[in-house]
Amino acid sequence: MPGYSVPDRFMHHTFLWGSATSSHQVEGNNVHNDWWSWEQKGAVIEKSGIACDHYRRFNEDFALIRSLGHTAHRFSLEWSRFEPKENQWDERAFDHYGEVFQSLKKNGIEPVVTLHHFTNPVWFHERGGWLKAENNAYFLRYVRRVVETYGKYVKFWITINEPIVYLYYSYLAGEWPPGIKSYRAAWKVFYHLLLAHVQAYRLIHDLYEQKSAKPVYVSLAKHWTEMRPDNPNSIADRVTVFSRDWLFNRLYFDALTSGFLFYPGLFCEYLPLRQSLDFLGINYYTLQRIRSSSKTGEWMGAMVEHAPGADSPVERNQMGWVIHPEGLSSLLKRLRPYHLPVLICENGICAENDEQRVRYIQSHLQAVTSAIADGVSVAGYLYWSLMDNFEWAHGFGPRFGIVEVDYKTLQRKIRPSAYVLTELCRKLMAQP
Ligand code: GAL
């Protein structure tokens, strides 16, 4: 097929484009995970409940994706459905996701599958969760089971979604389960998640090799935030941006491509595998202005604070995040030295007004198109999200979907922005 095909190791593959979701945010009734318990305790403003009922309506949703022409779809498997109690495996979950994969296949949609998207089985949490190095073995046992079962359907695996966002909210800010606020805990989880990725990476490749199965590409989905000093003339602000950018954006990728982890506190570690990324999974949303501060309670030796800037004239999404498509252009250029294709696993906006979403999609896909023209290898673009869904601690208020969900009737309605996404991705694919 003429048109744009992704260079390097994705040569045989056309551009992957479409949208993304995660199990807890759309499926409904994930009663065996830690988020569900957190919600029942009243720790957040809303409960996920039946969410979008995607668990029962996935066929309808995939038919809709097909009607929009998407070539790929990212979603997550819910560990707590497979293993609701320690080492007790639920066949119904295996059957269910088997049907999910078949439905995607029937609709000609390439699955991009996340193994861990913020939720854990309650029993795993009770065993100490990600705080204990030995618990990684539980995660790997689950990975083995699902990869052995569904490997025949999958070329693209995402091991862990946004490890640093997860550990920040769960172990440092204490706003997500297990609600811990501790630097020490956060560093432990930082390291255990990094190792979990390396171990899962190796396991997935081994399992595919044993079966001489089709090529497989494994990465994680790394949240990347564009950062600017609040005052470009302030050395303190610039140093803060540099250190925060290193820790938040680059450190994982550096460690996973070099096999060497150096982190503050003068700890050095060698990872058991030098190269454990086949592509760079990126989630990009926004720009943060950073001001150095002596206030406690923030990252990096308590010296960072987001500049509030609520009165500044920049455009923001429904949750107040700054819209900044240039950040996507700059990050795509900054990823070049890794010499790996980039898959944009999430990029999107919550907006009450779909015209704002249309502008967001146009400007960010323009950034992708220019980066490709400049020689950056972009394997695909997955908009967050297919449909409005449960936005964690923010509940159902923020509307991210190219498909609107009426939470009373659970009816889906395609928004105009969905057609814009289709038109622009098709154009991008048709480019020489
Ligand atoms: C990402 C996360 C998604 C979704 C999105 C919008 O950080 O992976 O689950 O919530 O942000 O906030």
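A few points about this structure:
- Some residue of region 354-361 being touching a strand residue (DSSP E or B) at 6+ places or on another chain (Cβ under 6 Å), touching a residue at least 12 places away in the same chain (Cβ under 8 Å) and more than 16 Å from the ligand (Cβ to nearest atom): no
- Checked against (1) within 16 Å of the ligand (Cβ to nearest atom); (2) among the polar types (S, T, N, Q); (3) closer than 18 Å to Lys85 by Cα, Asn29 passes all but a single condition, namely (1).
- Residue count for region 379-416, restricted to those that are within 16 Å of the ligand (Cβ to nearest atom) and either of a type in the set (Gly, Ala, Ser) or surrounded by 16 or more Cβ atoms within 10 Å (Cβ to Cβ) (or both): 23
- Every residue from region 169-188 that is within 20 Å of Leu115 (Cβ to Cβ) and open to solvent by 50 Å² or more (accessible area, probe 1.4 Å): Tyr169
- Residue within region 43-57 that is on the phi < 0 side of the Ramachandran plot, aromatic (Phe, Trp, Tyr) and open to solvent by less than 10 Å² (accessible area, probe 1.4 Å) present: no
- Taking first residues from region 273-286 that are among the β-branched types (Val, Ile, Thr) and partners that are within 11 Å of the ligand (Cβ to nearest atom) and part of a loop (DSSP other than H, G, I, E, B), the Cβ contacts under 7 Å between residues at least 6 apart in sequence or on separate chains come to Thr286/Trp321.
- Residue pairs meeting the criteria (Cβ under 7 Å; at least 6 apart or on separate chains; first touching a residue at least 24 places away in the same chain (Cβ under 8 Å) and in a strand (DSSP E or B), in region 222-245; second within 16 Å of the ligand (Cβ to nearest atom) and open to solvent by 20 Å² or more (accessible area, probe 1.4 Å)): Thr225/Phe248; Thr225/Gln288; Glu226/His324; Met227/Gln288
- Every pair of residues 6+ apart whose Cβ atoms lie under 6 Å, when the first sits in region 393-421 and is under 12 Å from Leu64 (Cβ atoms) while the second is within 16 Å of the ligand (Cβ to nearest atom) and open to solvent by 40 Å² or more (accessible area, probe 1.4 Å): none
- Assessment of region 132-143 against the conditions (of a type in the set (Val, Ile, Thr), open to solvent by 10 Å² or more (accessible area, probe 1.4 Å) and at pLDDT 95 or above) yields no matching residue.
- Qualifying residue in region 74-91 (condition: on the phi < 0 side of the Ramachandran plot, among the basic types (Lys, Arg) and within 16 Å of the ligand (Cβ to nearest atom)): yes
- So Asp61, is it part of a helix (DSSP H, G or I), at pLDDT 95 or above and open to solvent by 70 Å² or more (accessible area, probe 1.4 Å): no
- Within region 245-261, tally of residues that are open to solvent by less than 20 Å² (accessible area, probe 1.4 Å) and either modelled with pLDDT under 90 or of a type in the set (A, V, I, L, M, F, W, C) (or both): 7
- Among the numbered conditions (1) under 24 Å from Phe75 (Cα atoms); (2) under 17 Å from the mean Cα position of the chain (by Cα), the only one that Glu226 does not meet is (1).
The values are calculated or read from the model by the stated rules, or taken from the named source; none is laboratory data. Just so we're clear, the structure is a prediction, and the values are computed from it rather than from any experiment. Heads up, the Cβs are rebuilt from the backbone with ideal geometry, glycines too, and the neighbour counts pull from every protein chain shown. The protein model used for the area step is the full one, side chains on, heavy atoms only, and it has no ligands, DNA or RNA in it. Shrake-Rupley method; radii C 1.70, N 1.55, O 1.52, S 1.80 Å.
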